[in-house]
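What follows is a set of notes on a single structure, which appears directly below.
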Amino acid sequence: MSASPSSPPAPRLLRWLQLGANHVLVLMMATMFVSFILQIGFRYISNKPLAWTDEVCVLMWLWGILWGAAFVMSNRDDIRFDVLTSHVPRGVRRALTVVVSAAVVVILLLSLPASWSYVSFMKVEDSAALGIRMDFFFSIYIAFVVAMVVRHAWLGIDALRNRLFDDEPAAEVAKEAA
C-alpha cells in the first residue's frame, strides 16, 4: 500500500492562513454593511439615530482596508504603474524591483517607531460611543507596516534570485488559488 502524496505542511498552513484572513475580511465587510443598514434604518425610519453605528463603520472600514492590503491582497492584485517598466529589459526590471522594494522597506522601517509611538499614545483616548481605546483603532496600521515590510523584502529577494512576481502566467496563479 503506497501513501498518497500530500502537500507539504508549510504551503498548506499558508493556504489555511490566507483563507482565514479572507474570512476575517468578509466578516469585517459584513459588519460594516449591517451597521450601515441599521444606521439608515434608525435614522430615517424611526428618527432615532444610533451613534455607535458610525464608529463601527469607521472601525471596520479602517481595519478592512489595511487588513485586506496586508493579508488578503496578492502582488497580482496591486495596482502598478508599469508604463515604463513593462518596456524595459528583464534585467532592468529586476534592478528596479530591488531598488523600489528596498526603498519601501527602508521607508516603512524608518516610519515604524513614530507610528508605534502614535498608536501607543492613543491609548489615552476612547471612542465617543463605544468607549473603545483608540490605540486598538489604529493598531492595525502597525500590522500593515510589518506585513508590507515582509512583502517588499520578499519581492526584492526574489528579484535578486532572478525571479519576478510577474514571471508566473496568470493561468498558473489561478490554478494555485483553486
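Here, each number is a calculation from the coordinates, and none is a lab measurement. In this text the structure is predicted, and so the values were computed from the model without any measurement. Glycine also receives a Cβ, built like all others from the backbone with ideal geometry; neighbour counts cover every protein chain displayed.
Across region 52-94, the convex hull enclosing all Cα atoms gives 82 Å³ per residue.
Electrostatic bookkeeping for E125 treats Lys and Arg as +1 and Asp and Glu as -1; over the other residues with beta carbon under 10 Å from its beta carbon, the sum is 0. When the P(r) is computed for the chain, the part past 20 Å accounts for 67% of the Cα-Cα pairs.
Neighbour counts of other C-beta atoms within 10 Å: give me I140, I79, I65 arranged from fewest to most.
Values: I140 19, I79 5, I65 14.
Sorted ascending by nearby Cβ count, the order is I79, I65, I140.
Counting neighbouring beta carbons within 10 Å and listing from fewest to most, the residues M28, M73 come out as M73, M28. Largest GNM mean-square fluctuation among G131, G64, G156, using the chain with Cα springs under 10 Å: G131. Comparing Y118, Y44, Y141 in a Gaussian network model of the chain where C-alpha atoms under 10 Å apart are linked, the largest mean-square fluctuation is found at Y44. In this rough spin-label picture, where each label sits 7 Å from Cα along the Cβ direction, the S115-T85 distance is 1.9 nm.
Using the Cβ-Cβ distance between I45 and V24 with R0 = 30 Å, the FRET efficiency computed as 1/(1 + (r/R0)^6) comes to roughly 0.45. The alpha-carbon positions of region 75-178 define a convex hull whose volume is 136 Å³ per residue. Evaluating kT/(6 pi eta Rh) at 37 °C and 0.692 mPa s, with the Kirkwood radius of region 1-73 over Cα pairs in the Stokes-Einstein relation, gives 225 µm² s⁻¹.
Sequence-distant contacts, meaning Cα pairs under 8 Å at least 6 residues apart, place the relative contact order of region 38-161 at 33 percent. By other beta-carbon atoms within 10 Å, ranking W16, W154, W67 with the fewest at the front produces W16, W154, W67.
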